[in-house]
Amino acid sequence: MKVRYQLLRDGEAALTAATRLPVGYVLEAASPQNVCERCQRPLRRQRSVSRHPVGLMLGQPRVRLIYQQCPLCGRVYRPEVYPREVPSQGQYAFDLIVEVGLARFQRHRQNREIQQELERGWGLHLSSSTVSELAQTFLDGLGATHQAHLPELRQRLHQDGGYTLHVDGTCEAGTAQVFTAVAGNRGWTLAGAKLATEEAGGIGALLRGCVEGFGRPLALVRDLSSAIRTAHREVMPDVPDLICQYHFLENVGLRLCESPHVRLTNSLRRLRIRPALNSLRHHLLANSRNKGISLSSVQIAQLLREPERAGLPDPAQGRRALAYLLLDWLEDYTADLSGRYFPFDLPSLAFYRRCRLLQERLVHMLTAKPDLARTFSTLLTLRRHLALLEEDPELRAAAARLEKAATLFNELRDTLRLSLEMPLTGPQPLLTERPTQAQLREQDLREWTARLRQRTVTEQDPERLVDLKTVLAYLDKYQAHLGGHLIPLPGHPQPFVVQRTNNLCERRFGETKRGVRRRVGARELIRQVQALRPEQFLVANLDHPDYLQIICAGRLENLATAFAQNWQAAQIIRTERRKKATCRAIPVSKKCLREDAFLSHVQHAISIVNQPVPVRLAVA
């Protein structure tokens, strides 16, 4: 049966009728003992119990569990093999739980897709609600297995000389916050917590759990959150407190660029430049369609590279195509962005730059060849729309102000060496540095800070001076938390280099949300993020061979066995998650809010609460 299971798992073809196990075939499970270990007397059958499990290896059999008993001492021998495959008091086998969990949380499959995969590959029919419950059971088992192997995980981390703790959280508008603690040197998620708000008490409990399970970290890396700072001071004040440089850079960028970017965006909207350009583009497209004229991609390529050989029968056709291409190029300004969020991308500034570049080219062309204004009137119309960029003083001032802020922001970004972007998708490499690189980066930051101070003395532009002082204020406030990424280790020739960003946490949050979007097909994830469990972020650990080696001997196929070994602990997690609870600090039901006498009750409660304690007791 195990050989059949392995062959079906490794195969990609659909399950054929010949390889299907019949539904309800009979299996018997009994203890391998025939003689009592104590009395050496032959065992007698005490009773038999029927079970109807469902699993990948088992299929859907009818299992008779045979219990044997010693006639002398009365000791009962249970069937030992069955609990290794199927949970006690459960119907679905561990291998099925693992398969559904990996499909849901690692491959981000929808319920219907999981049902189809099980039907195609294993001939099993599960309801959608069963798939959802098995996915949650998978997280119970993974959390219990992780907890059971804390000593081995701790030992592996300390073989590296220790670990650094990266703490970060995610949420959507109106949802609870899910915090994760990640070992930066290994990339493992160590623990997680779900909190109603970002408060120091809950974060402190998360930090204490990490210290108890994995030992004191070499350093804590966090964002600029005051709650995490307070929790650090309470739990591990002697551990170096480092700021994620990416979060620091983001905060500085927001302070520098947010206001001028809003001004530039509002000016562009006020002048309605993009709507005018889009209207012109749609007009050109409709004109070509109405006349039944269209060019192939080959003709377009030849028109751009060898226009003299394009051989277009109608010159107006080529003029319309070229004007459309210019407008299309303007609308493709997002190609100048990195695909990230503000302030690392400045979309309005990217659009403005393209418009100014095209305006300069048009002015040059129409000046050099005045006849174009007569034969190519669309270019004249396009230049007239773009001329608003130069004629409007408020727009010019907003763009110039944003350029100054963006220039200083990019200087800081280059100094921190965060300009080389990591891949947006796929496996995320750790942002590792060699000791010499870390030393040079910290030295560069100190020297650049000194140059900024000198520039504040000589700078004549008041706007640039404001930006310089803003950046210096941030550097002065967080200078002690931006360095110190080299930690000497006794007995090690090289110092420990701390990961200087929380990018790994952020990217895992992003990957999780993209997976949820793929599964539910919705952009807004308020309900889904509210339902996130901290154990879900342990799934990313399964991509690490060293972690997998510790918890299940290096193979995902062994995860079902690990779940069976830790099933009792998983039931505790299951019981806790099924308790009716709320993440709101002051829970109240809609029924309570909609009572007719609600305001009267609140008014009476206010009058009582506002009284001294002895008076309250007397009233009671």
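The values are calculated or read from the model by the stated rules, or taken from the named source; none is laboratory data. Bear in mind the structure is a predicted one, so any value in this text is a computation, not a measurement. Cβ atoms come from the backbone with ideal geometry, glycine included; neighbour counts cover every protein chain shown.
Does the range 230-249 hold any residues that are farther than 14 Å from GLY169 by Cβ and either without any contact (Cβ under 8 Å) to a residue 60 or more places away in the chain or surrounded by fewer than 20 Cβ atoms within 10 Å (Cβ to Cβ) (or both), and which are they? Result: THR230, HIS232, ARG233, GLU234, VAL235, MET236, PRO237, ASP238, VAL239, PRO240, ASP241, TYR246.
Which of the residues that make up the range 332-346 are part of a helix (DSSP H, G or I) and surrounded by 15 or more Cβ atoms within 10 Å (Cβ to Cβ)? Hit for the range 332-346 is TYR333, nothing else. The helices (runs of 4 or more DSSP H) found wholly in the range 493-608 and carrying at least 1 residues that are small (Gly, Ala, Ser) and surrounded by 16 or more Cβ atoms within 10 Å (Cβ to Cβ) occupy 503-520, 559-565, 567-578.
Yes or no, residue by residue, for (1) touching a residue at least 24 places away in the same chain (Cβ under 8 Å); (2) farther than 25 Å from HIS166 by Cβ; (3) more than 15 Å from the chain's Cα centre (by Cα):
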{"position": "ARG500", "(1), (2), (3)": "yes, no, yes"}
{"position": "PHE509", "(1), (2), (3)": "yes, no, no"}
{"position": "VAL516", "(1), (2), (3)": "yes, no, no"}
{"position": "ILE526", "(1), (2), (3)": "yes, yes, no"}
{"position": "GLN530", "(1), (2), (3)": "yes, no, no"}
{"position": "PRO534", "(1), (2), (3)": "yes, no, no"}
{"position": "VAL539", "(1), (2), (3)": "yes, no, no"}
{"position": "ASN558", "(1), (2), (3)": "no, yes, yes"}
{"position": "ALA562", "(1), (2), (3)": "yes, yes, yes"}
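Is it the case that VAL100 is farther than 20 Å from LEU142 by Cα, surrounded by 12 or more Cβ atoms within 10 Å (Cβ to Cβ) and either touching a Lys or Arg at 6+ places or on another chain (Cβ under 8 Å) or modelled with pLDDT of 90 or more (or both)? Answer is no for this residue. Only residues that are within 21 Å of the chain's Cα centre (by Cα) and farther than 20 Å from ARG527 by Cα were counted in the range 165-201, giving 15.
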